[in-house]
Structure formats: C-alpha cells, structure tokens
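To start, the structure under review is shown below, and the notes come after it.
Bear in mind that the values in this text are calculations on the coordinates, not laboratory data. Bear in mind that the values here come from a model prediction, so they are computed numbers and not experimental data. Note that we place each Cβ from the backbone using ideal geometry, even for glycine, and neighbour counts take in every protein chain shown.
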Amino acid sequence: MGILIRPVITEKATTDSEDNNRFAFVVDKKANKIEIKNAIEELYGVHIDNIRTMVVPGKRKMRYTKNGVVSGNSGSYKKAIVEVRSGETIDLYSNI
C-alpha cells in the first residue's frame, strides 16, 4: 500500500469506471507508471491496458474566522487513471 494511497471516488470517476472501465487512484508522487501498474495488478488481481498520470497542483485556500482571515495551501498530489482490460473490473468498495 505504499504506492497506492487511495482510490478517487467522485461523480466523474465513478461514471468513467462504469462507462469506460477506467479507475482513478491517488498515488505516491515519486511512483512511475510501471510501479503503479505492478501495485494495482498485485492488489486487485486485474490486467492493466493503459495508465495515464498527472500531478494535480495545490490550491490556495482562505477561511474567514473570528480571528480574521486565515490563508494556506492545500498540497499537490499525483493521480493515476488506469484502464483495465475489458471483461475485468476493480471492486473499490470491498475494502471498506
């Protein structure tokens, strides 16, 4: 579980997994595509056809509190979109 941090469960990612057999994961920033592929194949027992990775930049956040305006940054992270071979699927909800 060192390379895979968590699956991305959003409306867009869920629709993409149902329609196109693609699943999204937040991964370690230093991991490359080969390491991501091996980790997913070992953990979920599926065969990977294609992997796309991207680094999502952090965003500036501001909060209005009693003590004034508090500002900070959210961290950047690396996201991998994995296309699974047709006929196979990943059950993201089995580990909950």
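Which chymotrypsin sites (Phe, Trp or Tyr not before Pro) in region 43-96 pass both tests, a DSSP loop state and at most 16 other beta-carbon atoms within 10 Å?
Within region 43-96, the qualifying chymotrypsin sites (Phe, Trp or Tyr not before Pro) (loop, at most 16 other Cβ atoms within 10 Å) are Tyr93.
Along region 46-59, what does the Karplus equation 6.51 cos²θ - 1.76 cosθ + 1.60 (θ = phi - 60°) give for ³J(HN,Hα), rounded to whole Hz, x for Gly and Pro?
Values per residue, Gly and Pro as x: 10, 9, 9, 8, 8, 10, 10, 10, 8, 9, 8, x, x, 10 Hz.
If we count every other residue with Cβ under 10 angstrom of Asn21's Cβ, Lys/Arg +1 and Asp/Glu -1, where does the sum land? Please report the intermediate quantities before stating the final value.
Values: positive: Arg22, Arg85; negative: Asp16, Glu18, Asp19, Asp49, Glu83, Glu88.
Net charge in that neighbourhood comes out at -4.
Based on the Cβ-Cβ distance of Glu42 and Ser74, what FRET efficiency does E = 1/(1 + (r/R0)^6) give at R0 = 22 Å, to the nearest 0.05?
On the way: r = 30 Å, r/R0 = 1.38.
The calculated FRET efficiency here is 0.15.
For the chain, take the longest principal axis of its alpha carbons; what is the angle in degrees between that and the long axis of helix 33-44, to the nearest 10 within 0 to 90?
70 degrees
Over the chain, what portion of Cα pair distances is larger than 17 Å, expressed as a whole percent?
Working: 2501 of 4560 pairs.
Value for the chain (Cα pairs over 17 Å): 55 percent.
What net charge do the residues around Ser71 carry, taking every other residue with its C-beta under 10 Å from that of Ser71, with Lys and Arg at +1 and Asp and Glu at -1?
Details: positive: Arg60, Lys61, Arg63; negative: none.
Taking every Cβ under 10 Å from that of Ser71, the sum is +3.
Give me a comma-separated list of calculated 3J(HN,Hα) values for region 63-77, in order, Karplus coefficients 6.51, -1.76, 1.60 applied at θ = phi - 60°, integers in Hz, x for any Gly or Pro.
10, 9, 10, 4, 8, x, 8, 10, 10, x, 10, 8, x, 7, 8
Counting only residues 5 or more places away or on other chains, whose amide H sits under 5 Å from the amide H of Val8 once H atoms are built in the peptide plane?
When sequence neighbours closer than 5 places are left aside, the close amide H contacts are Ala24, Phe25, Val26.
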